[in-house]
Amino acid sequence: MGHMKIVSKEENQPSVAFYLPHHPVIKLSSLTTKLRVVFDASAKSTSNLSLNDVLLCGPTVQDDLVTILMRFRKHQLVITADVEKMFRQIRVAEEDLDWQRIVWRSQPDKALQLYRLTTVTYGTTSASFMATNCLILLSEESKQKYPEASRVIRHDFYMDDLMTGASTVDEYCHLQKQINSILESIGEDGVIKSLGLSWKPALDAFQFIVERKAFLAKSTKRTLLADLNRIFDPLGFLAPVLVRGKIFLQQLWQLKIEWDQQLPEELSNRWYTFYQEFNDLSYLPIPRKCIPYQSVEVEIHRFCDASEEAYGSAIYVQSKDMTGCWHSRLLCSRTCVAPLKGSTIPRLELGGALTLAQLSIKVSEALEMEVKKFYLWTYSMVVLGWLNSQACRLKTFLANRVEEILETTQPEQWRHVVTSENPADILSRGTTPNNLQNMNLW
């Protein structure tokens with residue numbers, strides 16, 4: 001590890017020095033940047049301040065990851081790209097370069113050398129904003145000449161990753177030529193890792209690659225949580241499986257087990273068996289397209305359900321192709337474990353309905369598409385009664401949730417569905433990875 005020292009000086013103020021340790025990070029799976037130099041701008045100096053302590057972060061200017069992934073699934077043809085060495089391609093204004101002046105020597109007996117970092121420095125608090133805002137400014141500058149490409153750069157980038165698409169080959173080629181990004185060619189069997197998900201272009205499907213986990217002699221609540229977080233599933237494809245892990249962790253809270261306390265052997269073995277089952281997910285391809293063919297009509301069907309242990313919601317896109325055939329695809333889902341203090345099933349089912357309404361807002365913003373019909377389905381006749389009653393007659397707990405649900409939905413959109421036809425029932429009860437692969441309802 002080397003150490004750089006950035007020296008800055010404000011007018012009529014003494015010099016302030018910030019130490020900037022740096023080290024290499026090697027990522028062989030990256031298509032564009034195998035080796036990246038990482039700077040630690042949070043390292044404290046002799047003044048007990050770090051460079052990041054005196055820098056402003058800047059606001060978030062890009063769409064969130066879940067929104068981009070949802071939108072990626074609506075295209076017939078898709079484009080993925082990565083801006084190579086993004087931070088190092090953005091120059092810092094000449095008048096600001098002295099704030100990135102470096103005093104350097106490799107050994108204490110060597111002469112000092114002076115440098116200035118001329119590009120955005122990865123590891124500083126403001127780096128992400130400066131890089132992403134540069135893309136936003138580029139999109140604004142090109143809005144008049146290339147309106148579609150401008151929209152894509154503005155809304156379909158997440159940091160340096162682009163995930164976008166088009167409906168026809170002509171639109172696709174036209175869009176690709178306009179977007180100034182670096183693409184790498186891939187083989188037929190290639191797997192692209194983008195925004196944390198693995199996408200196989202030959203199948204046009206997402207895949208989950210779970211690393212085999214060695215059995216740890218000491219399993220704790222902290223290591224179990226790390227295991228669960230290792231599986232990245234932002235759209236909730238695996239939610240019926242992951243909810244079992246959430247329920248298991250919640251049970252540890254009930255047992256009052258501390259974060260680093262070793263689990264009893266029986267609990268540790270149960271978790272190990274549960275986690276090893278995730279290897280089966282490698283054989284579970286998930287279609288990337290939520291609308292598989294050119295459609296003449298699209299419907300959004302939204303389901304919710306609850307059990308004593310958890311509640312959740314799932315949203316499906318149903319589309320009719322040119323031949324009149326209907327196709328249904330899971331778009332996204334979300335789960336929550338039931339409160340530890342306990343609650344009635346109807347109240348938990350209302351929580352599922354509220355989760356569905358909140359997720360629906362995210363979907364509407366992400367898809368940016370005209371949908372003629374919206375359907376919301378629940379098994380609970382009690383919830384349907386609450387949604388069709390006057391909120392003033394309900395207790396505060398119920399009234400607040402009913403009002404929030406009805407801010408974005410109408411009572412007539414809500415309908416009853418039997419358990420055997422409700423995919424959200426799988427969310428509320430959970431299942432194994434092997435069973436999930438054979439669940440056509442999901």
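The values are calculated or read from the model by the stated rules, or taken from the named source; none is laboratory data. This one's a predicted model, so the numbers in the text were calculated from it and none came from an experiment. Quick reminder, even Gly has a Cβ in these numbers, built from the backbone with ideal geometry, and neighbours come from all protein chains shown. Heavy atoms of the whole protein, side chains included, go into the accessibility calculation; ligands, DNA and RNA do not. Shrake-Rupley method; radii C 1.70, N 1.55, O 1.52, S 1.80 Å.
Details
- Extension gain, Asp233-Asp98: 0.36 nm per intervening residue step, less the Cα-Cα distance, totals 44.3 nm.
- Dipole of the chain computed with +1 at Lys/Arg Cβ and -1 at Asp/Glu Cβ about the Cα centre; of Tyr375, Met439, Leu135, farthest Cα towards the positive end is Met439.
- Gain on full extension, evaluated as 0.36 nm per residue between Arg151 and Thr273 minus their Cα-Cα distance, stands at 39.3 nm.
- Amide H contacts of Ala17 (H built 1.01 Å from N, in plane; Pro and chain starts excluded): no residue 5 or more places away or on another chain comes under 5 Å.
- By average C-beta atoms within 10 angstrom, highest first, the peptides 168-175, 391-398: 168-175, 391-398
- Rounded to the nearest whole Hz, the Karplus-based 3J(HN,Hα) values (6.51 cos²θ - 1.76 cosθ + 1.60, θ = phi - 60°) of region 345-360 follow the sequence 4, x, 5, 5, 5, 5, x, x, 5, 5, 4, 5, 4, 5, 5, 5, with x at glycine and proline.
- Label-point gap, in nm, between Gln207 and Val296 - each point 7 angstrom along Cα→Cβ: 3.7
- Placed amide H near Ala310: partners under 5 Å, 5+ positions off or other chain: Ala338
- Given +1 at the Cβ of Lys and Arg, -1 at the Cβ of Asp and Glu and no other charges, the dipole of the chain around its Cα centre is 680 debye to the nearest 20.
- In region 29-157, the alpha-carbon atoms span a convex hull of 161 Å³ per residue.
- Protection proxy ranking, peptides 275-288, 429-442, 342-355, 251-264, average beta carbon neighbours within 10 Å, highest first: 342-355, 275-288, 429-442, 251-264
- Pairwise label distance in nanometres, Asn438 with Arg116, each label 7 Å out on the Cα-Cβ vector: 6.8
- Placing +1 on the Cβ of every Lys and Arg and -1 on the Cβ of every Asp and Glu, with no other charges, gives region 201-280 a dipole of roughly 240 debye about its Cα centre.
- Residue ranking by accessible heavy-atom surface, 1.4 Å probe, largest first, among Thr121, Thr419 comes out as Thr419, Thr121.
- The chain, accessible surface, carbon-and-sulfur percent (1.4 angstrom probe): 52
- Shape of region 375-442, Cα gyration tensor, a/c cut at 1.5: prolate
- Computed 3J(HN,Hα) for region 122-137, one whole-Hz value per residue from the Karplus formula 6.51 cos²θ - 1.76 cosθ + 1.60 where θ = phi - 60°, is 5, x, 8, 4, 8, 4, 4, 5, 4, 6, 5, 5, 4, 5, 4, 5, glycine and proline marked x.
- The antiparallel fraction among DSSP beta bridges confined to the chain stands at about 85%.
- With all protein chains modelled, accessible area of Ser126 [1.4 Å, Å²]: 20
- Sorting Phe129, Phe208 on solvent-accessible area from highest to lowest, probe radius 1.4 Å, gives Phe129, Phe208.
- Dipole size of region 53-110 about its Cα centre, with +1 on Lys/Arg Cβ and -1 on Asp/Glu Cβ: approximately 360 debye, rounded to the nearest 20.
- Between Glu266 and His327, the simple label model (points 7 Å from Cα in the Cβ direction) yields a spacing of 4.9 nm.
- Taking all protein chains into account, the per residue accessible area for the chain stands at 54 Å² (1.4 Å probe).
- Contour excess over end-to-end distance, with Cα ends at Arg415 and Ala226 and 0.36 nm allotted per residue: 64.1 nm
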